[in-house]
Amino acid sequence: MENQTTEQQAQSEQPTEAVVQNNTEAAAEVTETSFQDLIPESFKEEKSLSNFNNMEDFVKSYLHAQKLVGADKIPVPNKHATDEDWNEVFKRLGAPDNPEGYKYSFKDDEVDQEQVKAFNQAAHQLGLLPKQAEGLIKFYNEFNQGQAQSLEEQAAQSALATEEELKKEYGPQYAKRLEQANKLAVNTLGKEFLENTYLKDGSRLGDNFELIKAFSGLADKLSEDEVIKGDGSEYMTAREIEKEIASLTEEGSPYWNKAHPNHRKNVEEVLKLREMLNG
């Protein structure tokens, strides 16, 4: 009796397994069917449909096309287009009619107005949109600020390195020698030139070890007298000034003879030297 029941159950399960197998094969056939196979015969010749490999891509393309319905369309010029053709496109995209049409969000004192004016001319010729133009100026400013900051940091590091070298070179005399060298360098080359001239290694000219050492040596040769600056790059020691005044005012010199053609010149030279001497 039990054997008979088992045989009946086995027979009843066989059709179910067959149905499952058939369904699985059918699903596999559907899965293997490509999107191109689903296109009706009357549309298979449409080349635009050959770009789609699945239903998702087709639906996305359709929805995108629907969004463009009624939108203002701007044709893209071909390779034979003239400058006028491109200018018309740029204008429709939002480019201003003239260079003065570019307006920026930054303040006038934040940028060089002459540079902005020149940039606007180029931007208009290239058909840049206002947003693009402002983006480029912002990038340029940020880039320059970064470069300037990097240059300052490098100059500061070079100055520290020079300071260490000079301390090793002069020992206890470091402060005095540096002061003499700086005073002579400023009198000769000018403070602005020394501070704003950068060498290839990123250091300022005024922080260059060899330059400071050279001026320090020159200061020694000029004696221990204070170095006094005259007109332009002229410099003299107090002793040299006194010697020159004595020469110009010696007995029998044009300085004492009002009738002499060089009298006025000598008097003016003596006055200038005395002004230098008295500060």
Out of (1) within 30 Å of GLY127 (Cα to Cα); (2) modelled with pLDDT under 75, the one THR31 does not meet is (1)
If a residue has to be at pLDDT below 80 and outside any helix (DSSP H, G or I) to count, how many in the range 54-70 make the cut?
2
Would you please list the contacts, defined by Cβ atoms under 8 Å and residues six or more apart or on different chains, that run from a residue in the range 96-109 that is outside any loop (DSSP other than H, G, I, E, B) and surrounded by 15 or more Cβ atoms within 10 Å (Cβ to Cβ) to a residue that is among the charged types (D, E, K, R) and modelled with pLDDT of 85 or more?
PRO99/LYS117
Return the residue satisfying two criteria in turn: it lies in the range 247-279 and is of a type in the set (A, V, I, L, M) and in contact (Cβ under 8 Å) with a residue 12 or more places away in the chain, and of such residues it is surrounded by the most Cβ atoms within 10 Å (Cβ to Cβ).
LEU273
Within the range 105-121, restricting attention to residues that are modelled with pLDDT of 75 or more and acidic (Asp, Glu), which residue is nearest to ASN144 (Cα to Cα)?
ASP112
Given the conditions (1) farther than 25 Å from ALA238 by Cβ; (2) out of contact with any helix residue (DSSP H, G or I) (no Cβ under 9 Å at 6 or more places or on another chain), every one holds for GLY190 apart from (1)
Consider GLN154 carefully, then state whether it is touching a residue at least 24 places away in the same chain (Cβ under 8 Å), more than 25 Å from ASP97 (Cα to Cα), assigned to a helix (DSSP H, G or I) and touching a Ser or Thr at 6+ places or on another chain (Cβ under 7 Å).
no
Only one of LEU166, LEU128 that is within 30 Å of GLU100 (Cβ to Cβ) and either surrounded by 14 or more Cβ atoms within 10 Å (Cβ to Cβ) or β-branched (Val, Ile, Thr) (or both):
LEU128
Restricting to the range 169-192, name every residue that is under 25 Å from LYS221 (Cβ atoms) and exposed (fewer than 14 other Cβ atoms within 10 Å of the Cβ).
GLY171, PRO172, GLN173, ALA175, LYS176, GLU179, LYS191
Residue in the range 135-146 that is in contact (Cβ under 8 Å) with a residue 40 or more places away in the chain and surrounded by 14 or more Cβ atoms within 10 Å (Cβ to Cβ) present:
no
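The values are calculated or read from the model by the stated rules, or taken from the named source; none is laboratory data. Note that the structure is a prediction, hence the values are computed from the model and not measured. Here the Cβ is made from the backbone with ideal geometry for all residues, glycine too, and neighbour counts use every protein chain on show.
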